[in-house]
Amino acid sequence: MEFEQQMVKKVEYVEQVIKAYMPDEAGLQKTVIDAMDYTMSAGGKRIRPVLMQSVYELFGGEEEYVEPFMAAIEMIHTYSLIHDDLPALDNDDYRRGRKTAHIVYGEAMAILAGDSLLNYAYETAAKAFSMVAEPICMEEKGVLDEDKIKLLLEEVNVRRSMERAMSVLTTKPGIYGMIGGQVADVELTGSRLSEEQLTYIYENKTGALIEASMLIGAILAGAKDTELDKVFKIASNVGMAFQIQDDILDETATFEELGKPVHSDEKNEKVTYVTIHGIDESKKVVERLSKEACSLLETIEGDCTFLKELILYLIHRKN
Ligand code: GRG
């Protein structure tokens, strides 16, 4: 199947998963659930869950318990977008081709919708644990036979990998990840950034969630530590390339292509990779980082064709 068709199928699958895990719009908290769903269902490229699922597949994963983690990472990403658009931060009126949540629901409800998505992400991911049998339930009176012991050990390993995935899902969006990057971005806006500060901001603000997505896919599929090191390096390159490409698009794309205002970095007086190095050099760096990621992917056993094509598609994306 062609890459484009595969991507369409994967995004359709992600949409189904997200829909299945979103809360019902009912109760006195209905308005906030409506506001959560407003931005979640507005589309978006769904890159993070697609990356998670594709890395999971690369390492041979075929169980459903990756799904709550896929929904959770998109919820966390969407919360960050709702909060990033608020008047106190970027003060943007459009996102994913729609008016932003605070324009439609008011600032208080948009803050709460972001908070709710972050919290609900963890409620959702935790559902993975109830998708595997309780090891203790499999124990019967008397001695366990060899097959049961094997099954029991497998379940214990699955639970361990879920705990590890949870640890990544809780840490990467936090102060040692996305929020850390966002804090530096807010505090340093308007000042001359060193290359080191810019790298810190990009690695955390944008890279952390991409790293979380790919690492969780690998962890849940039972990848070894040496393989996780490679996945981390690949994800870190993809994250950096993704943010530089985002900077390029902010200068070169149209409102219609992005579904959000262009030249927002200039409006917000942000120093970006593009303002420091120019468009041509930035494009070269995106290409280099992506190609390095693809070369490292090839050293992992398994069929990495889709992931390589996805990384190359991200270089040429128009939104
Ligand atoms: C906690 C007050 C408070 C704010 C949090 C952490 C944060 C604000 C914002 C995250 C920073 C951010 C928006 C980084 C940019 C990363 C980026 C390129 C986002 C766009 O991702 P795409 O292109 O978007 O995947 P779609 O809409 O396609 O999902």
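The values are calculated or read from the model by the stated rules, or taken from the named source; none is laboratory data. Please read these numbers as outputs of a predicted model, since none were measured by experiment. Positions of Cβ are generated from backbone atoms using ideal geometry, with glycine treated the same way; all protein chains shown enter the neighbour counts.
Within segment 76-108, being on the phi > 0 side of the Ramachandran plot and either surrounded by fewer than 17 Cβ atoms within 10 Å (Cβ to Cβ) or assigned to a helix (DSSP H, G or I) (or both) holds for N91, G97, G106. With respect to (1) touching a residue at least 60 places away in the same chain (Cβ under 8 Å); (2) closer than 29 Å to F129 by Cα, the lone exception for E62 is condition (1). Out of the residues in segment 279-302 meeting the condition of being buried (at least 17 other Cβ atoms within 10 Å of the Cβ) and closer than 17 Å to D225 by Cα, tell me which one is nearest to the chain's Cα centre (by Cα). Per the criteria, the residue is L297. Of all residues in segment 184-230, those satisfying the criterion of being over 21 Å from E266 (Cα atoms) and among the β-branched types (V, I, T) are I210, I216, I219, T226.
Screening the candidates M166, M178 for the property of being hydrophobic (A, V, I, L, M, F, W, C), closer than 30 Å to V66 by Cα and more than 14 Å from the ligand (Cβ to nearest atom) yields one hit, M166.
Scanning segment 109-166 for residues that are among the charged types (D, E, K, R), surrounded by fewer than 12 Cβ atoms within 10 Å (Cβ to Cβ) and at pLDDT 90 or above turns up just one, E163. Every condition in (1) outside any helix (DSSP H, G or I); (2) at pLDDT 95 or above; (3) of a type outside the set (S, T, N, Q); (4) buried (at least 18 other Cβ atoms within 10 Å of the Cβ) is met by R48 except one, and the failing one is (1).
Of the residues that make up segment 200-217, is at least one surrounded by fewer than 17 Cβ atoms within 10 Å (Cβ to Cβ) and in a helix (DSSP H, G or I)? Within segment 200-217, none of the residues are surrounded by fewer than 17 Cβ atoms within 10 Å (Cβ to Cβ) and in a helix (DSSP H, G or I).
It is to be established whether one or more residues within segment 215-233 are within 16 Å of the ligand (Cβ to nearest atom), touching a helix residue (DSSP H, G or I) at 6+ places or on another chain (Cβ under 8 Å) and within 30 Å of M166 (Cβ to Cβ). Checking segment 215-233: not a single residue is within 16 Å of the ligand (Cβ to nearest atom), touching a helix residue (DSSP H, G or I) at 6+ places or on another chain (Cβ under 8 Å) and within 30 Å of M166 (Cβ to Cβ). Of all the criteria given as (1) farther than 27 Å from T189 by Cβ; (2) not in a helix (DSSP H, G or I), the one not satisfied by P261 is (1). Within segment 193-205, the set of residues being within 14 Å of the ligand (Cβ to nearest atom) and over 13 Å from D247 (Cβ atoms) comprises Y200, E203, N204.
Restricting attention to segment 181-192, the residues being near the ligand (Cβ under 9 Å from one of its atoms) and in contact (Cβ under 8 Å) with a residue 12 or more places away in the chain number 4. Considering segment 190-199, and only residues there that are not in a helix (DSSP H, G or I) and not hydrophobic (A, V, I, L, M, F, W, C), the residue that is nearest to D229 (Cα to Cα) turns out to be S194. Figure legend. Inter-residue proximity from segment 196-223: first residues closer than 13 Å to G180 by Cβ, second residues within 14 Å of the ligand (Cβ to nearest atom) and among the polar types (S, T, N, Q), beta-carbon distance below 8 Å, spacing 6+ or different chains. Indicated pairs: Y202/Q243; N204/Q182; K205/Q182; K205/Q243; T206/Q243; G207/Q243; L209/S80.
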